[in-house]
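Accompanying notes for the structure given below.
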Amino acid sequence: MSDKSPKPQEPDTDVHEDTNEPAFDWMKPKTSSGASPATPAASTVAAPKTGATPSAATASTPTTVTPVNGQPGSRADRKAAEAADVEVEPPLFADTLADTSTKQSSHYSEPLPTSALQIRPPEDEVARRNAEREQAAKVKPIGPRIFQVLLAVFYPVILLVLAVRAVTSPLFLWVEYNRPGFPGDGYGFSTDDRMTYGSYAVDYLSNWAGPRFLGGLVNQDGDKLFTDSEVSHMADVKLVILSSFGAGLLLIVLSIIAILYLRKRSTGGIRRGLFAGSIVTLVIIIGLAVLAVLSWQQFFTEFHRIFFANGTWTFSLEDTLIRLFPGQFWIDAGIVIGALVFLVATLTFIFTWPTKRRRGLATAQAEEDREESDETAPTADDVESLRKEPTGVTR
């Protein structure tokens, strides 16, 4: 080989320009089949004809690269294959978003076909319901009415018990024994004696002492002041008086409860109850007064027959009870009881009379309550809007 002969060309070692360079296959990730995706396949180069130089053959015949096992022949092909082999991960919350989108679409697209809001009732049905609602708003509750009736019934009994309590007191005895015209005792009791012995009898009716409280009393001569029959009758009277006082106290407590209830639940209910009670009281007291005036002795006798047994309440004029409490005493006591009850009932009747102003206040309060109930009640527009609004129920 002479110096002038052409030197053979060395192979190009620049791997950056060779797209089929297999020297860096170990850096590529392996595929699932175990073969490296970057392993170059065996290249089949077309053999040059006989007598042709290698350079000429290489220059004239193009190199055909056939991928083995589906291996791409260029770097771009290998990158495409790598991108295809990588499993695409779903985005975070993909299932939740999909379910939400499905629900939202069903929320607006699939309303419940059998919902009541989708069915418009006929006009006569709507009118009937409105009329029933207005009628229900006008109907008053039964609770306040019951308490008004109870207050009206209790009121006359309470007044009678309080009037009896005012009569069975030492103050009334003192007024009776010292008033002009009161009959004196023809058997020797002075006004002071009457006041002393009568106070014992009145105190016995309201205390918790036994019959000996009166049975042990003696007069100036040392004899018993009250006989056994008188003590027995006073024991019966005490039972009636204490029972009436207890019943009156119970009715007062129940009346207070009724007043507190009506004050919160019924505007003007207290006034109406007391007004009705005053009317009942006036009717009762006027009727009793007429009977007493027509025949006092008959009225007094029938009164005692109601509460006491026959023969237990009749005494002689010489007995202590008759000397302390003569017939005029009971007439005055009846007049005082009737006058007190009549006066209080009349004042109650006047102050609870349903005047125009009082009725106006009650009506205004009722109108305010009705307006509040109407504001809270659904209107026809609200019902119509509810009918048109989708139900939002998914099947």
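The values are calculated or read from the model by the stated rules, or taken from the named source; none is laboratory data. Predicted, not measured: the structure shown is a model, and the values here were computed from it. Because the Cβ atoms are built from the backbone with ideal geometry, glycine has one as well, and the counts that use them run over all protein chains shown. These accessible areas exclude ligands, DNA and RNA; they are computed on the full protein's heavy atoms, side chains included. Shrake-Rupley method; radii C 1.70, N 1.55, O 1.52, S 1.80 Å.
Worth pointing out:
- So Leu242, is it open to solvent by less than 60 Å² (accessible area, probe 1.4 Å) and either over 22 Å from Pro170 (Cα atoms) or aliphatic (A, V, I, L, M) (or both): yes
So that you can scan it fast, the table gives a plain yes or no per residue for (1) at pLDDT below 95; (2) among the small types (Gly, Ala, Ser); (3) surrounded by fewer than 17 Cβ atoms within 10 Å (Cβ to Cβ); (4) within 30 Å of Gly188 (Cβ to Cβ):
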site: Arg263; (1), (2), (3), (4): yes, no, yes, no
site: Thr281; (1), (2), (3), (4): no, no, no, no
site: Leu294; (1), (2), (3), (4): yes, no, yes, no
site: Thr301; (1), (2), (3), (4): yes, no, yes, yes
site: Thr314; (1), (2), (3), (4): yes, no, yes, yes
site: Arg323; (1), (2), (3), (4): yes, no, no, yes
site: Val341; (1), (2), (3), (4): no, no, no, no
site: Pro354; (1), (2), (3), (4): yes, no, yes, no
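- In region 177-196, the residues that are outside any loop (DSSP other than H, G, I, E, B) and within 15 Å of Leu321 (Cα to Cα): Tyr177, Thr191, Asp193, Arg194, Met195, Thr196
- Residues in region 144-176 that are open to solvent by 60 Å² or more (accessible area, probe 1.4 Å) and over 30 Å from Pro326 (Cβ atoms): Arg145, Ile146, Val149, Leu150, Val153.
- Test: Gly287 is of a type outside the set (D, E, K, R) and loosely packed, with under 13 Cβ neighbours inside 10 Å: yes
- For region 220-236, the set of residues classified as open to solvent by less than 60 Å² (accessible area, probe 1.4 Å), without any contact (Cβ under 8 Å) to a residue 60 or more places away in the chain and not small (Gly, Ala, Ser) consists of Val231 only.
- Among (1) in a helix (DSSP H, G or I); (2) loosely packed, with under 14 Cβ neighbours inside 10 Å; (3) small (Gly, Ala, Ser), the one test that Ser199 misses: (2)
- Qualifying positions in region 291-319 - within 51 Å of the chain's Cα centre (by Cα) and within 30 Å of Leu347 (Cα to Cα): Phe303
- Tabulated pairs, region 173-188, first farther than 20 Å from Ile335 by Cα, second acidic (Asp, Glu) and loosely packed, with under 15 Cβ neighbours inside 10 Å, C-beta under 9 angstrom, 6+ apart or interchain: Tyr187/Glu318
- Taking (1) farther than 30 Å from Val283 by Cβ; (2) open to solvent by less than 70 Å² (accessible area, probe 1.4 Å) in turn, Ser206 satisfies each apart from (1).
- Some residue of region 210-217 being touching a residue at least 40 places away in the same chain (Cβ under 8 Å) and open to solvent by less than 60 Å² (accessible area, probe 1.4 Å): no
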